[in-house]
Amino acid sequence: MIGYQIYVRSFRDGNLDGVGDFRGLKNAVSYLKELGIDFVWLMPVFSSISFHGYDVVDFYSFKAEYGSVREFKEMLEAFHDSGIKVVLDLPIHHTGFLHTWFQKALKGDPHYRDYYVWANKETDLDERREWDGEKIWHPLEDGRFYRGLFGPFSPDLNYDNPQVFDEMKRLVLHLLDMGVDGFRFDAAKHMRDTIEQNVRFWKYFLSDLKGIFLAEIWAEARMVDEHGRIFGYMLNFDTSHCIKEAVWKENTRVLIESIERAVVGKDYLPVNFTSNHDMSRLASFEGGFSKEKIKLSISILFTLPGVPLVFYGDELGMKGIYQKPNTEVVLDPFPWNESMCVEGQTFWKWPAYNGPFSGVSVEYQKKDPDSILSHTLGWTRFRKENQWIDRAKLEFLCKEDKFLVYRLYDDQHSLKVFHNLSGEEVVFEGVKMKPYKTEVV
C-alpha cells in the first residue's frame, strides 16, 4: 500500500480560479494512478476560515472554493474507479472559534457551553503547551477563560460530555456513508488527559467502524504502540526524522535504532514518511539535501516494512522550510509544468521556493530518466510488485557506520536491501554499491 498526502488548495485547479479543488483532484487521478498511489490523505476540506483548514466552522459543508457536495462525490467516484481510496483529515479535538456551537456557547446557551472546556477557580491560567510554551487558556471580554490547546482560534471540545462524543460519531458515520474510506485523526494524542484514558477513548470511538484510520501521535514508543493496536496504522514520526538525519550525517546508527524502536515487531502498520505539512520538506532538511541524498532518502522509505507515504511534491524534490507563523511556505503550488502556465495549475499564492522554471515540475522530470520523479516511480513500481513488504519481517545483516544491509522476508519471500550512505563506493558480499545508492537483491 502506498499513500499520498495532498493539500487540496495547492494541488490541481479544476475551474480556472487558481485554487485547487475537488474537480481538479478528479482530473489528477491519472497522475496518481501512474505514481502507484493506493490512497490519498486530503488535508482538511471542511468549511473553515484559515488556509490550513484545521479550525472547522462546519463539519457538514466543504470549503466553498474546493467545491460542492456533488463535486466531492464525483471526485470520490473517480478515485474509486481507479482503485484509489480517499482518507480525510478530521480535526475533531476542537472546532474553529466561529463554529456555531462555540458562538452559541459565547452567547450563554447552556447546552453548547458544555460542548467546550472552561476554566474554574482551580484552573492554572498560566498552563503552557509542552512543545513550545504557548498558553492554553484564553480570555474573553467577560472574564471567562476557555481552553484552546492549539491556540485561541481553536477551542477544545469537551469529551466529558457524551453529547460531544455522539456528535462526532455521527459525523464519522455520515462521511463513511458518503463513501469516504477512512480518516487521519488530527491531534489524536490529545483527546484525553492520560495515555490510559486516550486509549479507552479511541477504542470505544472506533470499535464499530471499518476503514483506514491514521493517528497523529508524535510521542514515545509506548504511547504509539498502545494506540497502534487500536488504529491499525500509525504515522511514524520517529523514523521520518531518523531517515533524514542518517542520510544527512552519512551514518546509519540513528536509522538502525529507529527501525528497531518504531518499525520491527509491531502488531500494526507503521506509516513511514519523509516530510509533511508540519515540518520542512525533505529537499530542505537541514538547509538542503543534494539530489543524490533526496533520492537515497526515498529509497530507504520504500524499502522499509510498513506503508510508505509521500507528501505531495516530494516526488519532485519540492523545497520548503517550515517556519511559524508562516507555515504555508511548505504548501507551495504543485508545479505541473515548467512555466506553471497550464490548465490545472494552482496559483493561490506566489511559490515561496518552487517557482516557474526551477526544474521542479512533472513535465520537466518526466523527460529525465535521472530525475527524482523517475526515481520515485521506480520505487513505487517495486512496492506494487512486492506488496508483501508492508508486513515483512526485517533482519539486520550488516550495521556499518556508513553502510547498512538487512533482509526483508516472510514465509514465501526474501530480499536483501543494501544502503550506502557514504560518498564512496562500497562492496559487500559481491554487491558493488555506488555512493548514496540503494540496491535490492
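Modelled label positions at V69 and K393, each set 7 Å beyond Cα in the direction of Cβ, lie 5.0 nm from each other.
Compare the Cα positions of S290, A262, N272 along the charge dipole of the range 260-326 (+1 at Cβ of Lys, Arg; -1 at Cβ of Asp, Glu; about the Cα centre) and return the one farthest towards the positive end. It is S290. Could you tell me the distance between the Cα centroids of the range 79-146 and the range 1-70, to the nearest Å? Spelled out, the Cα-based centre of one part sits 24 Å from the other. Taking a Cβ cut-off of under 13 Å around N158, the surrounding Lys, Arg, Asp and Glu residues balance to a net charge of -3, with basic ones at +1 and acidic ones at -1. Normalised by the number of residues in the range 93-204, the average gap of Cα pairs under 8 Å and 6 or more apart makes the relative contact order 24 percent. Could you please report the charge total around F201, scoring K, R as +1 and D, E as -1 over all other residues with beta-carbon less than 13 angstrom from its beta-carbon? Neighbour charge sum, excluding F201 itself: +1.
Applying the Kirkwood pairwise sum to the alpha-carbon positions of the range 188-248 produces a hydrodynamic radius of 12.4 angstrom.
Amide H to amide H distances under 5 Å link T252 with K402, F403, where only residues 5 or more positions off or on other chains count and H is placed in the peptide plane.
Distance from the alpha carbon centroid of the range 149-185 to that of the range 365-389 works out to 37 angstrom. Candidate cross-link partners of K73 among the aspartates and glutamates, defined by an alpha-carbon separation under 15 Å and a same-chain spacing of 8 or more, comprise D21, D81, D177, D181. Sequentially through the range 42-53, phi angles give Karplus couplings (6.51, -1.76, 1.60; θ = phi - 60°) of 8, 4, x, 10, 7, 4, 7, 9, 8, 5, 7, x Hz, Gly and Pro residues having no value and appearing as x. Taking amide H positions as modeled 1.01 Å from N, with prolines and chain starts lacking one, the residues under 5 Å from D156 and 5 or more places away or on another chain are V117, R147, G148, L149.
Altogether, the Stokes-Einstein calculation at 4 °C and 1.567 mPa s, with the Kirkwood radius of the chain over Cα pairs as Rh, returns a diffusion coefficient of 57 µm²/s.
Straightening the chain between N326 and D177 buys 50.0 nm, computed as 0.36 nm per residue apart minus the Cα-Cα spacing. Of the residues H93, H277, H413, the one that moves most in a GNM of the chain with alpha-carbon contacts below 10 Å is H413. Between L98 and V431, the contour length at 0.36 nm per residue exceeds the alpha carbon distance by 113.8 nm. When all alpha carbon pairs of the range 244-356 are counted in 10 Å bins from zero, the resulting P(r) reads 13, 40, 31, 13, 3 %. Taking amide H atoms as placed 1.01 Å from N in the peptide plane, the amide H of Y322 lies under 5 Å from those of S280, R281, each 5 or more residues away in sequence or on another chain.
Applied to the range 420-437, the Karplus parametrisation 6.51 cos²θ - 1.76 cosθ + 1.60 on θ = phi - 60° returns per-residue 3J(HN,Hα) values of 9, 8, 9, x, 10, 6, 10, 10, 9, 6, x, 8, 8, 10, 6, x, 6, 10 Hz, with x for Gly and Pro. Between the residues V330, H419, N120, the greatest Cα displacement towards the positive end of the dipole of the chain, with unit charges on the Cβ of Lys, Arg, Asp and Glu, is found for H419. Can you give the FRET efficiency for E167 and E260, using 1/(1 + (r/R0)^6), R0 = 35 Å, r = Cβ-Cβ distance, to the nearest 0.05? According to the calculation, E is roughly 0.25.
Taking 21 Å as the cut-off for C-alpha to C-alpha distance, list the pairs among K33/K189; K135/K189; K249/K291; K85/K210; K266/K291 that go past it.
K33/K189; K266/K291
Normalised by the number of residues in the range 1-66, the average gap of Cα pairs under 8 Å and 6 or more apart makes the relative contact order 31 percent. Over the range 347-407, Cα pairs under 8 Å with separation of 6+ residues give a relative contact order of 14 percent. Taken one residue at a time, the phi angles of the range 3-9 give Karplus couplings (6.51, -1.76, 1.60, θ = phi - 60°) of x, 8, 8, 10, 8, 4, 4 Hz. Gly and Pro are set to x.
Fully extending the segment from R222 to D401, taken as 0.36 nm per residue of separation minus the present Cα-Cα distance, adds 61.7 nm.
Where a number appears in this text, it was derived from the coordinates with a stated rule and is not lab data. All values derive from a computational prediction rather than experimental measurement. Cβ sites come from the backbone with ideal geometry, for glycine too, and all protein chains shown count toward neighbours.
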